[in-house]
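A short worksheet on the structure shown next.
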Amino acid sequence: MEYKPLYMQIRDHLVRRLVDGSWSPGMLIPSEMELARQLEVSQGTVRKALDTMTADNLLIRRQGKGTFVAEPEDARILFQFFRLVPDGGQAVFPQSQVLSRAESTASYEEARALDILEKNPVWRIERLRHLADACVLVETIVLPTERFPDFPEMAEIPNNIYQMFSVRWRITIAQAEESIKAIAASATDAGHLACAAGTPLLRIHRVARDLEGRPVELRVSRCLTQNIQYSVNLR
């Protein structure tokens with residue numbers, strides 16, 4: 001069994017309170033001293049566990065008020081995972097245009113990414129993202145139907161899907177793995193991006209995971225990078 005420091009064991013225990021709903025968004029959590037008493041560990045161990053959860057945007061510390069469960073604020077969630085910014089500019093909200101959404105079956109690669117069986121039912125969303133009124137991104141989003149059974153009841157798909165996950169299904173996206181690769185634009189993508197077929201695009205392959213590390217979403221984005229760049233802060 002892999003060794004875990006005590007503070008990480010405490011973190012895992014506290015994350016389960018988010019998963020099971022014991023701690024809900026916006027809630028003031030107990031003080032470090034009270035948590036230390038409940039869990040029979042030192043206050044320093046609790047503080048270290050809470051620090052990691054704060055760094056992961058699961059908790060928010062408010063000076064003089066305490067520590068709160070993070071709420072699904074649009075800007076915070078969006079900029080945590082949206083890494084495209086205009087050249088020489090500041091991060092801005094992308095706008096979305098849904099092209100289609102339908103039930104489908106998972107391909108072999110999609111099933112591997114989502115840890116489901118090949119040909120299991122999935123929801124497939126195709127949409128465009130715009131920055132400064134220009135279409136810069138075509139993306140395909142694949143969701144396992146078992147995690148989102150009432151997805152067809154959604155009249156509209158909001159710009160920030162992760163906020164929708166949190167509010168409607170109590171699924172918090174806690175982490176994501178991305179890989180990037182240069183590809184040539186297909187004729188279909190080129191039509192949406194107003195570029196020539198074969199134009200170099202940046203493909204971003206993302207698997208988003210919930211608080212328990214389970215894959216929730218597969219997203220494949222094809223990005224025209226003439227006037228934008230992929231920006232990430234490494235620590």
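How do the pairs read when you match residues in the stretch 155-166 that are more than 18 Å from residue 102 (Cα to Cα) with residues anywhere that are part of a helix (DSSP H, G or I) and of a type in the set (D, E, K, R), using Cβ under 6 Å and keeping only pairs 6 or more apart or on different chains?
160/74; 163/74
If you check 72, 25, 5, 86, which single one turns out to be out of contact with any Pro (no Cβ under 8 Å at 6 or more places or on another chain) and modelled with pLDDT under 90? Walk me through it before giving the result.
Details: 72 fails: out of contact with any Pro (no Cβ under 8 Å at 6 or more places or on another chain); 25 fails: out of contact with any Pro (no Cβ under 8 Å at 6 or more places or on another chain); 5 fails: modelled with pLDDT under 90.
Within the list 72, 25, 5, 86, the selection yields 86.
Limited to the stretch 90-125, what total is found for residues that are more than 17 Å from the chain's Cα centre (by Cα) and either in a strand (DSSP E or B) or outside the structural domain of residue 221 (by TED's automatic domain parsing) (or both)?
Looking only at that region, the number is 11.
Applying the selection to the stretch 47-64, what residues are part of a helix (DSSP H, G or I) and either within 19 Å of residue 172 (Cβ to Cβ) or aromatic (Phe, Trp, Tyr) (or both)? Let's see the steps before the verdict.
First pass over the stretch 47-64, keeping only residues part of a helix (DSSP H, G or I): 47-55.
Of everything in the stretch 47-64, those that are part of a helix (DSSP H, G or I) and either within 19 Å of residue 172 (Cβ to Cβ) or aromatic (Phe, Trp, Tyr) (or both) turn out to be 49, 50, 51, 52, 53, 54, 55.
Take the conditions over 30 Å from residue 52 (Cβ atoms), in the same structural domain as residue 88 (by TED's automatic domain parsing) and modelled with pLDDT under 90 and apply them to residue 133. Does it pass? Talk me through it step by step, then tell me what you get.
Working: over 30 Å from residue 52 (Cβ atoms): yes; in the same structural domain as residue 88 (by TED's automatic domain parsing): yes; modelled with pLDDT under 90: yes.
Yes, satisfied.
Can you tell me which residue in the stretch 131-174 is farthest from the chain's Cα centre (by Cα), limited to those that are hydroxyl-bearing (Ser, Thr, Tyr) and assigned to a loop (DSSP other than H, G, I, E, B)?
Kept after step one, since they are hydroxyl-bearing (Ser, Thr, Tyr), are these residues of the stretch 131-174: 140, 145, 162, 166, 172.
If we keep only those that are assigned to a loop (DSSP other than H, G, I, E, B) too, we end up with 145, 172.
Details: 145: 17, 172: 8 Å.
Checking each candidate, the answer is 145.
May I ask you to list the residues in the stretch 175-210 that are surrounded by fewer than 19 Cβ atoms within 10 Å (Cβ to Cβ) and part of a loop (DSSP other than H, G, I, E, B)?
186, 194, 195, 196, 197, 198, 199
Anything in the stretch 32-46 that is assigned to a loop (DSSP other than H, G, I, E, B), in contact with a helix residue (DSSP H, G or I) (Cβ under 8 Å, 6 or more places away or on another chain) and either free of Cβ contacts under 8 Å to residues at least 12 places away in the same chain or under 18 Å from residue 66 (Cβ atoms) (or both)? List them, or say none. It would help to see each step written out before you state the result.
As a first pass, look at the stretch 32-46 and keep what is assigned to a loop (DSSP other than H, G, I, E, B): 40-42.
Within this subset, residues satisfying the condition of being in contact with a helix residue (DSSP H, G or I) (Cβ under 8 Å, 6 or more places away or on another chain) are 41-42.
Answer for the stretch 32-46, where residues must be assigned to a loop (DSSP other than H, G, I, E, B), in contact with a helix residue (DSSP H, G or I) (Cβ under 8 Å, 6 or more places away or on another chain) and either free of Cβ contacts under 8 Å to residues at least 12 places away in the same chain or under 18 Å from residue 66 (Cβ atoms) (or both): just 42.
Give the residue, chosen from 128, 99, that is touching a Leu at 6+ places or on another chain (Cβ under 8 Å) and crowded, with 17+ Cβ neighbours inside 10 Å.
Answer to the check: 128.
The values are calculated or read from the model by the stated rules, or taken from the named source; none is laboratory data. It should be emphasised that the depicted structure is a prediction, and the values quoted were computed from it without experimental measurement. Positions of Cβ are backbone-derived with ideal geometry, glycine not excepted, and every protein chain shown enters the neighbour counts.
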